[in-house]
Amino acid sequence: MKGMGFMSGNNSQVVLLTGASSGIGKATAEWLMERGFHVYGTSRKAAGIKDGQPFQSSPSGGFIEMIPLDVSSEASAENAVRTVLERERRIDVLISNAGMGIAGSIEDTSIQEAETQFDINFFGALRMIRQVLPVMRKQGRGRIIVVSSVAALISIPYQSMYSASKSALEALVEALRHEVAPFGIKACLVEPGDTRTGFTSSRVIAEAAGEDSPYYGRFRKSLGRMEHDEQNGAPPEKVAGVIHGMIMRKNPPIRKAVGLGYKTILILKRLLPSWLVEKLVGMLYA
Ligand SMILES: NC(=O)c1ccc[n+]([C@@H]2O[C@H](COP(=O)([O-])OP(=O)(O)OC[C@H]3O[C@@H](n4cnc5c(N)ncnc54)[C@H](OP(=O)(O)O)[C@@H]3O)[C@@H](O)[C@H]2O)c1
């Protein structure tokens, strides 16, 4: 098998996957279950583990158990990790995937709205990472995969808070890799581009971004474009396959964009002069 995993031959790895009720997280949970992984997926709506049948299982021996988690709550994060440990005594992989987007111009986005965006996307991931690190350190191994976005590297107008929260995650994981490598823990980022999920309908619009806003016309046009691109984007299974690849590779790269088109865009961003990149982004989204 290409790139033998750190526990290859034993696919009953224990995975804690946040945001498993929809989109990329749901597709990833199912993808891993089919391949024998023990997946503990989370959702704010989950009822919690009951004795008896798992939520979903596959002939491979893999299963999905859904456990409740709100990543914006420290107590909830702690409780989710404790639940998995009680069942499995270890956590091999954390996939930090839960996230949402707030859209609106910077002027129209309140500080409270910006804080909510960071509390879920950035601090939510940080809470989960901090909960699993002591566990993985004691195990002497573990893998942390953070779902970021192409928008972390190319900031998109009217999605600035979302882009900033994902950029912050990229900075976090770059440092984390160095800190945890001596303990046998490997951290990396997966960067999806437009993907067909519930993300579009769950997007929150800044309260002040209504018709009275001086940005209204341009914002709605840009938002329409974003929504169209997302709903005509890749299926979430495409991201699931990349996440699985990052689990199985002995030495995962720091980041992996999903899809050839996005990989090319990111390479071009590094090669082209920044004024040209800015012009292109403006033509598409401003
Ligand atoms: N779709 C795209 O085009 C795209 C592109 C790049 C990156 N991404 C990233 O991919 C990840 C998954 O998004 P998706 O596209 O699959 O969207 P989605 O279908 O809306 O799924 C989002 C998941 O996050 C969970 N979630 C949201 N807020 C949460 C909270 N406070 N606590 C715990 N869980 C929470 C939701 O679960 P509950 O509501 O059940 O709690 C849901 O399972 C996100 O990090 C997103 O930023 C998406």
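Build a GNM of the chain with springs between Cα atoms under 10 Å: which of Leu176, Leu268, Leu69 gets the top mean-square fluctuation?
Checking each option, the largest mean-square fluctuation is seen for Leu268.
Over region 14-285, what relative contact order in percent results from Cα pairs under 8 Å that are six or more residues apart?
Contact order relative to length: 19 percent.
Which translational diffusion coefficient, to the nearest whole µm²/s, is obtained for region 231-286 from the Stokes-Einstein equation, given a Kirkwood hydrodynamic radius over C-alpha pairs, 37 °C and 0.692 mPa s?
Calculated translational D: 245 µm²/s.
Given the convex hull of the Cα atoms of the chain, what is a quarter of its surface area in nm²?
Answer in nm², one decimal: 15.3.
Mind checking which of Leu85, Ala20, Val71 is farthest towards the positive end of the chain's charge dipole, using Cβ charges of +1 (Lys, Arg) and -1 (Asp, Glu) about the Cα centre?
Farthest along the dipole direction, towards plus: Leu85.
Can you list the lysines whose alpha carbon sits under 16 Å from that of Lys279, skipping same-chain ones fewer than 8 residues off?
In chain and number order, the partners are Lys269.
With +1 on the Cβ of every Lys and Arg and -1 on the Cβ of every Asp and Glu, and nothing else charged, how large is the dipole of region 14-285 about its Cα centre, in debye rounded to the nearest 20?
1200
Figure the gain on full extension for Lys138 and Ile254 (residue separation times 0.36 nm, minus the Cα-Cα span) and round it to one decimal in nm.
39.5 nm
So which of Lys138/Lys186; Lys186/Lys263; Lys138/Lys263; Lys138/Lys238 end up more than 24 Å apart, counting from Cα to Cα?
Pairs exceeding the cut-off: Lys138/Lys263; Lys138/Lys238.
We did not get these values from a lab; they are worked out from the coordinates using the rules stated. Not measured: the values here are computed from a predicted model. When we count neighbours, we look across all protein chains shown, and the Cβ atoms used for this are built from the backbone with ideal geometry, even at glycine.
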